[in-house]
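K.L.:
One structure coming up, written as structure tokens, with questions to follow.
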Amino acid sequence: MNELAKELNTILKGTVLEDLLSDMGRRFYFPKGIVAQSTEAAEHAHRFTATIGMAKYKGKPMNLESIRKFIPELDPDEIFPYAPTSGSKNLRLLWKKQMIKKNPHLEGIETSSPLVVAGITAGISILADLFTDPKDIIIIPDMFWGNYRLIFEGKKEGTVVTFPFFNEKNKLNLSALEKAMTDNAGKGKLILLLNFPNNPTGYAPLKDEVDPLASVLEKAAQKGLKILTIIDDSYYGLFYEEDIYPESIFTRLSTLHPNILAVKLDGATKEDFVWGFRIGFLTYGGKGLTRDHFTALEKKTMGLIRSSISNCNQLGQSLLIRGLTSETYESEKKENLRILLAKYEKVKEIIKQAGENTPLKALPFNSGYFMCFYLEKGNAEKLRHYLLYEKGIGTISIGEKYLRIAYACVELEQMEELFNEIYKAAEIFA
Ligand SMILES: Cc1ncc(COP(=O)(O)O)c(C=O)c1O
């Protein structure tokens with residue numbers, strides 16, 4: 001094993017990381033190669049810098065006017081250079097500040113500093129590399145974003161185990177979660193992935209659901225189970241009801257038990273409406289973990305970034321910094337949230353009007369981009385196919401019984417027509 005990896009493992013010895021890291025995670029480190037030497041040179045080389053593979057002219061990155069002219073307000077240094085492997089320092093500080101603003105209870109809690117990853121997808125993939133060996137169990141609610149399976153099973157040969165997301169009272173099914181954890185505790189290590197607001201249901205936990213959720217994890221940790229909890233906060237903040245727990249559960253899990261490592265994945269993708277920028281953030285938390293532990297973990301993570309995409313999009317990071325520091329940033333976000341809230345309220349109204357006498361039953365939803373119908377009768381894929389090829393309406397079928405409607409990407413004025421068509425079509429297949 002590389003000496004640098006050994007050093008990092010020694011730092012992490014005696015913590016939950018010792019049991020949670022995969023073989024690959026144990027082997028990983030951030031090399032003292034070009035990137036580390038260039039960073040060192042940037043601080044100390046006061047005469048010439050002849051380190052990195054970039055071309056410069058008159059002190060600026062060389063560039064082509066035919067590209068540069070479309071980004072007139074940014075300096076070439078904000079557009080063209082490689083970004084640091086861990087992400088722009090300034091952006092990481094700004095994001096951390098934002099995180100605390102959105103999650104006031106995070107204030108004063110030791111966490112890693114957020115690392116920039118190429119979207120939340122890349123963050124999940126990195127965590128899968130760092131923590132999953134073949135046959136490791138990954139517990140996910142049965143309503144989940146399909147890419148999780150591709151990453152954890154397709155890439156890493158882990159085993160995804162699902163539990164029913166909702167119970168019969170249409171609340172989070174915590175007893176099913178507890179059972180899934182107990183049934184799969186055999187190896188002493190579990191990966192749990194939670195995503196709120198959830199894709200595909202559009203559900204975020206209510207204020208009274210968070211303590212019981214935390215207590216399920218705490219009880220399991222108290223029995224000695226080592227748990228990596230990945231918290232996918234992609235849709236954070238798109239909350240449409242007052243009774244939703246307004247912070248990320250990352251805060252709670254970061255202080256819960258030394259056997260729990262919490263990782264928050266969030267990003268500009270959905271929160272700042274920049275889907276194609278590919279900017280997400282990965283932040284570690286865990287009771288008892290110190291700055292040194294977090295630094296060691298950051299280095300392992302940076303090794304994975306360096307060995308895959310090397311670094312994330314510089315232009316996107318610079319634009320995000322400009323956005324986050326703009327005076328109108330908050331008010332623009334509020335306006336977008338208002339538009340999404342109006343769509344949500346419209347959908348709620350349409351569903352209420354449709355009443356009970358329909359084969360389509362809406363699952364609980366209160367946040368995010370989506371809602372899901374459960375088909376009491378008929379097949380979801382057949383319904384999807386009919387809607388698409390007979391009516392020109394695109395939806396997503398999930399298994400045989402669920403149809404996901406991404407109402408956030410439909411115009412408010414067209415919502416009624418869209419749902420009427422869906423209800424009518426469902427009758428044909430009932
Ligand atoms: C639950 C969830 N996680 C992650 C992602 C991907 O995020 P990103 O585009 O930042 O990779 C999505 C996108 O649809 C999602 O729904």
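We did not get these values from a lab; they are worked out from the coordinates using the rules stated. Because the structure is a prediction, the values reported are computed rather than measured. For neighbour counting, all protein chains shown are included, and Cβ atoms are generated from backbone atoms with ideal geometry for every residue, glycine included.
K.L.:
In whole Å, what is the distance between the alpha-carbon centres of the stretch 225-266 and the stretch 131-172?
P.N.:
16
K.L.:
Sorted by packing (mean other beta-carbon atoms within 10 Å per residue), highest first, where do 201-212, 393-404, 354-365 land? Mind showing how you got there, number by number?
P.N.:
Values: 201-212: 19.5, 393-404: 17.0, 354-365: 15.4.
The densest-packed peptide leads the list: 201-212, 393-404, 354-365.
K.L.:
When only C-alpha pairs under 8 Å and at least 6 residues apart count, what is the relative contact order of the chain, in percent? Please list the in-between numbers first.
P.N.:
Details: 741 pairs, mean separation 77.9, N = 430.
Once divided by the residue count of the chain, the mean separation gives 18 percent.
K.L.:
Continuing with this model, one more query. Quick check on my link table: of Lys171/Lys343; Lys219/Lys401; Lys171/Lys348; Lys6/Lys189; Lys102/Lys333, which ones sit more than 25 Å apart, alpha carbon to alpha carbon? If you can, show how the numbers build up before the last one.
P.N.:
On the way: Lys171/Lys343 23 Å; Lys219/Lys401 34 Å; Lys171/Lys348 18 Å; Lys6/Lys189 22 Å; Lys102/Lys333 13 Å.
Checking Cα-Cα distances, Lys219/Lys401 exceed 25 Å.
K.L.:
If you count the DSSP beta bridges with both ends in the chain, what percent of them are antiparallel, to the nearest 5?
P.N.:
Working: 25 of 45 bridges.
The antiparallel proportion sits near 55 percent.
K.L.:
Per residue of the stretch 332-337, what does 6.51 cos²θ - 1.76 cosθ + 1.60 with θ = phi - 60° give for ³J(HN,Hα)? Whole Hz please, x for Gly and Pro, Karplus curve as stated.
P.N.:
5, 5, 4, 5, 5, 5
K.L.:
Would you kindly calculate the mean projected area, averaged across all directions, of the convex hull enclosing the Cα atoms of the chain, in square nanometres? Display every interim value, and only then the final one.
P.N.:
Working: hull surface 93.1 nm².
Mean projected area for the chain: 23.3 nm², to one decimal.
K.L.:
What distance in nm separates the two pseudo spin-label positions at Glu107 and Glu7, each 7 Å out from Cα along the beta-carbon direction?
P.N.:
Modelled inter-label distance: 3.7 nm.
K.L.:
Which length gain, in nm to one decimal place, applies between Ile428 and Leu64 when the Cα-Cα distance is subtracted from 0.36 nm times their residue separation? Write out the running numbers ahead of the final one.
P.N.:
Working: separation 364, 0.36 × 364 = 131.04 nm, distance 5.79 nm.
Extra length from Ile428 to Leu64 when fully extended: 125.3 nm.
K.L.:
I want to make sure I understand the PRE zone here: with the label point 7 angstrom from the Cα of Asp75 toward its beta carbon, which residues in the stretch 308-346 have backbone N atoms less than 18 Å away?
P.N.:
314-326
K.L.:
Among 285-291, 29-35, how do they line up by average Cβ neighbours within 10 Å per residue, starting with the highest? All intermediate terms of the calculation are to be shown ahead of the outcome.
P.N.:
Details: 285-291: 18.9, 29-35: 16.0.
By packing density, highest mean first, the sequence is 285-291, 29-35.
K.L.:
Rank-order 405-416, 69-80, 247-258 by packing density, defined as the average count of other C-beta atoms within 10 Å over each peptide's residues, highest first.
P.N.:
Values: 405-416: 15.2, 69-80: 12.9, 247-258: 21.8.
Put in order of decreasing packing, that is 247-258, 405-416, 69-80.
K.L.:
Let me ask something else. Which links in Lys97/Lys226; Lys97/Lys270; Lys382/Lys424; Lys377/Lys424; Lys169/Lys361; Lys69/Lys334 stretch past 21 Å when you go from one Cα to the other?
P.N.:
As for pairs spanning more than 21 Å Cα to Cα, those are Lys97/Lys226; Lys69/Lys334.
K.L.:
Estimate the FRET efficiency between Ala42 and Cys409 by the formula 1/(1 + (r/R0)^6), using the beta-carbon distance for r and 41 Å for R0, to the nearest 0.05.
P.N.:
Working: r = 42 Å, r/R0 = 1.03.
About 0.45, to the nearest 0.05.
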